[in-house]
Amino acid sequence: MARGAGEGGTPDGLGMASRLADHEADRNRLEFLKAIEPHASRVAVLAQGGYAPAIRRERLAGVAVREGSLVFSDRQRILSWMAPNRVLAIFSWRRFVDEGGLMSFGVDLAELYRRFAGYVDRLLKGADLANLPVDQPRLELVINLKTAKALGLAIPHSVLLRADEVIQ
C-alpha cells in the first residue's frame, strides 16, 4: 500500500488515492468470489505470506490475496498450492492470472506507472504538489477461463461482463 509523503512513500494525493483503491478493491474481490461460489461461507483477505497454514486451518473456501512483495516473489508456490487444493483465489495483480491464477482485480500497474511518470514530469517542471489533481487509479478485472475450467467452475455471465479481459 502506498503511503503519504510524510511517511516516506508517495506524495500525499497518490497515497490517499491508493488507500481508497485498496479498500474498494478488497470489497469487490470478495464480491467476485461470492458471485462465483455463492455458498462459500469462509473467505479471507490475505497479505504478506502465511497463506497455506491459515487456509488449511480455517478451511477457507476462497481467498482474496492482496499485493505485497513477499506475496509476489512467492507467487509460483502460492499458485501451485492453491490449484490442487481447489481454493478459489482472486489476486491483486494480473501477473498471477497470466501465470495460472483464477482471477485478479486491482490496479493496472502499467497505467499507474505512466500516471506516476506524469506527476514526476510536472513536479520536475516546477508544478506545486498541492495543485496536482488526485484521481483514483483504474481497477481491472481479469479472469482465466482455463483455470476456471480446471477447477470445475462456471463463471457467471454477470462476472464475465464486468471483466476487462478474459483469458481463454
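Miscellaneous remarks
- If you go through the stretch 57-104 and pick out every residue that is surrounded by fewer than 16 Cβ atoms within 10 Å (Cβ to Cβ), basic (Lys, Arg) and either closer than 15 Å to Leu33 by Cα or without any contact (Cβ under 8 Å) to a residue 12 or more places away in the chain (or both), you end up with 3.
- Here is the figure for the stretch 77-114: residues that are over 17 Å from Asp164 (Cβ atoms) and not in a loop (DSSP other than H, G, I, E, B) total 9.
- The set of residues from the stretch 33-42 being part of a helix (DSSP H, G or I) and out of contact with any helix residue (DSSP H, G or I) (no Cβ under 6 Å at 6 or more places or on another chain) comprises Leu33, Lys34, Ile36.
- Qualifying residue in the stretch 55-65 (condition: in a helix (DSSP H, G or I) and touching a Gly at 6+ places or on another chain (Cβ under 8 Å)): no
- Qualifying positions in the stretch 10-43 - open to solvent by 10 Å² or more (accessible area, probe 1.4 Å), at pLDDT below 75, within 15 Å of the chain's Cα centre (by Cα) and of a type outside the set (Asp, Glu): Ser18, Arg19, Leu20, His23
- Selection status of Val159, in contact (Cβ under 8 Å) with a residue 60 or more places away in the chain and β-branched (Val, Ile, Thr): yes
- Odd one out for Gly118, checked against (1) assigned to a helix (DSSP H, G or I); (2) open to solvent by less than 40 Å² (accessible area, probe 1.4 Å); (3) touching a Ser or Thr at 6+ places or on another chain (Cβ under 9 Å): (3)
- Qualifying residue in the stretch 108-115 (condition: closer than 22 Å to Leu30 by Cβ and among the hydroxyl-bearing types (Ser, Thr, Tyr)): no
- Considering Asp74, Asp98, the condition of being within 22 Å of Asp26 (Cβ to Cβ) and either in contact with a Leu (Cβ under 9 Å, 6 or more places away or on another chain) or modelled with pLDDT under 90 (or both) is satisfied by Asp74 alone.
- Residue check, Leu109 of a type in the set (A, V, I, L, M, F, W, C) and either in contact with a strand residue (DSSP E or B) (Cβ under 6 Å, 6 or more places away or on another chain) or open to solvent by less than 20 Å² (accessible area, probe 1.4 Å) (or both): no
- Leading residue by the ranking (most open to solvent (accessible area, probe 1.4 Å)) among those in the stretch 153-163 that are hydrophobic (A, V, I, L, M, F, W, C) and assigned to a helix (DSSP H, G or I): Leu161
- When the stretch 121-152 is filtered for residues that are open to solvent by less than 60 Å² (accessible area, probe 1.4 Å), at pLDDT 90 or above and either outside any loop (DSSP other than H, G, I, E, B) or within 18 Å of Ala64 (Cβ to Cβ) (or both), the ones remaining, listed by number, are Glu140, Leu141, Val142, Ile143, Asn144, Leu145, Thr147, Ala148.
The values are calculated or read from the model by the stated rules, or taken from the named source; none is laboratory data. Note that the structure is a prediction, hence the values are computed from the model and not measured. Methodologically, a virtual Cβ is constructed for each residue, glycine included, from the backbone with ideal geometry; neighbour enumeration extends over all protein chains shown. Areas reflect the complete protein model, heavy atoms only, side chains present, ligands, DNA and RNA absent. Shrake-Rupley method; radii C 1.70, N 1.55, O 1.52, S 1.80 Å.
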